[in-house]
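Just so it is clear, none of the values below were taken in a lab; they were calculated from the coordinates. Small disclaimer: the values here were computed from a predicted structure and weren't measured. Cβ: placed from backbone, ideal geometry, glycine included. Neighbour counts: every protein chain shown.
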Amino acid sequence: MTCVLLAPSAVGQIQSTISCPAGNGYWDILSVMMMDPGLASGYHMEGYGSNGDPDAYIYTTWDSSDTKVYYVKNPQGNPWDINLYDSQPSIPQQGYIYQWVTELDEYNGTNYWNDPTSCRKFNNGSDSSTADYSMRWAARCAAPGGTNSSIWNNKTVTPYNTNYYTYVDKVIQSPSQNLDWANLQLLPTSTMTITDTRGPQTFSITTLPLQYTYTCSVNGNLNSCQSQEVFQYGLDTTVNPVDGVKHSYGWVSWALYSNATGGDPNETASWGSPTQTTINNYLVAGQVPINFQCF
């Protein structure tokens, strides 16, 4: 697969967000990383546990006026992640998606997973107007597994580094921290099965995997990294059988891995099986207001 139809059409609802240069197999990556707005206005993705009850949620909201994409993790409206994006005026038709805010789970022995007033925010520490645009997540125009598909973020050097600040009950904690070096790779596409509960019908979609490898002690050396997460973003490459429209579904699965070597740069990384997974493979009716109060 070398290209994907992203522009709206009679059979396509995937929202185009940028015009990418021709001839490189580029995708409009932002449009795949979010559920298309026409669908997201009334639907979200869910995962179900062995008892048949929902145990995972992803509600997606694209705020184009503020260049943000919100990924909400529960019916209470608490964000899991908030991504920013920009364009590079000096490089026509180019820019980046950035991870800006992510949830705070364990901090000093307390779990803040359900606390909308606590989070972590990536910021390069420069105090500039663009300091929040620092943790590059993906190029806006990239070919999965090909051109523009890999990024290394620095440990401390601005503008693109892994520096972040922790907020607890809206109060910033000192000092800032970083994730050492971090690598982001858009891998070749894969597939997964989802169920559209409007039918209901179950069918296969294409997924765009983003491999996020971090706490790396050596720039450019993936063996030196301790942790890895793989995010999958889904879209139709043929029409959805329920409504006959091509959709993007946004974030549909996540997995966390730990390097068994501890990040020894002189040993081959051993990631093994994931230590945590989340699968959101059901399209379900419902949207929620965003409850973000962290700062």
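Some notes on this structure:
- GNM top mover of Met192, Met45, Met34 - the chain, alpha-carbon springs below 10 Å: Met192
- Neighbour-count order for Leu210, Leu222, fewest beta carbons within 10 angstrom listed first: Leu222, Leu210
- Cβ-based net charge around Leu235, under 12 Å, with every Lys or Arg adding one and every Asp or Glu removing one: -2
- Under 21 Å, Cα to Cα: Lys pairs in the chain, sequence gap 8 or more or different chains: 6
- Global dimensions of the stretch 136-182 from alpha-carbon coordinates: Rg and Dmax equal 14.2, 42 Å.
- Likely footprinting exposure, Thr237, Thr206, Thr215, Thr162, fewest C-beta neighbours within 10 Å first: Thr237, Thr215, Thr206, Thr162
- The residues Asp169, Asp196, when put in order of fewest to most other Cβ atoms within 10 Å, stand as Asp169, Asp196.
- Taking the DSSP beta bridges with both ends in the chain, the antiparallel portion is around 95 percent.
- Percent of alpha-carbon pairs separated by more than 20 Å within the stretch 173-295: 57 percent
- For the chain, built as a Gaussian network whose Cα springs stay under 10 Å, the top-fluctuating residue of Lys73, Lys155, Lys170: Lys170
- Sorted largest first, the principal axis extents computed over the alpha-carbon atoms of the stretch 20-179 equal 47, 41, 29 Å.
- Computed with the Debye formula from one identical point scatterer per Cα of the stretch 147-233, without solvent, the log10 of I(q)/I(0) at q = 0.13, 0.16, 0.19, 0.26 Å⁻¹ comes to -0.61, -0.76, -0.88, -1.21.
- When the alpha carbon coordinates of the stretch 50-142 are projected onto the principal axes, the ranges are 52, 32, 22 Å, largest first.
- Spread of Cα-to-Cα distances over 5 Å intervals beginning at zero, given as percent, for the chain: 1, 5, 11, 16, 19, 18, 14, 9, 4, 1, 0
- The stretch 167-176 - phi-based ³J(HN,Hα) in whole Hz, Karplus 6.51/-1.76/1.60, Gly and Pro as x: 10, 10, 6, 6, 9, 6, 9, 10, x, 5
- Cut-off 13 Å between beta-carbons: net charge of the residues surrounding Gln226, Lys and Arg +1, Asp and Glu -1: -4
- Other residues lying with their Cβ under 13 Å from the Cβ of Ala131 contribute a combined charge of -2, Lys and Arg counting +1, Asp and Glu -1.
- Within the chain, helix-based [θ] at 222 nm, where runs of 4 or more DSSP H residues each add -39,500 (n - 2.57), nearest 500: -500 deg cm²/dmol
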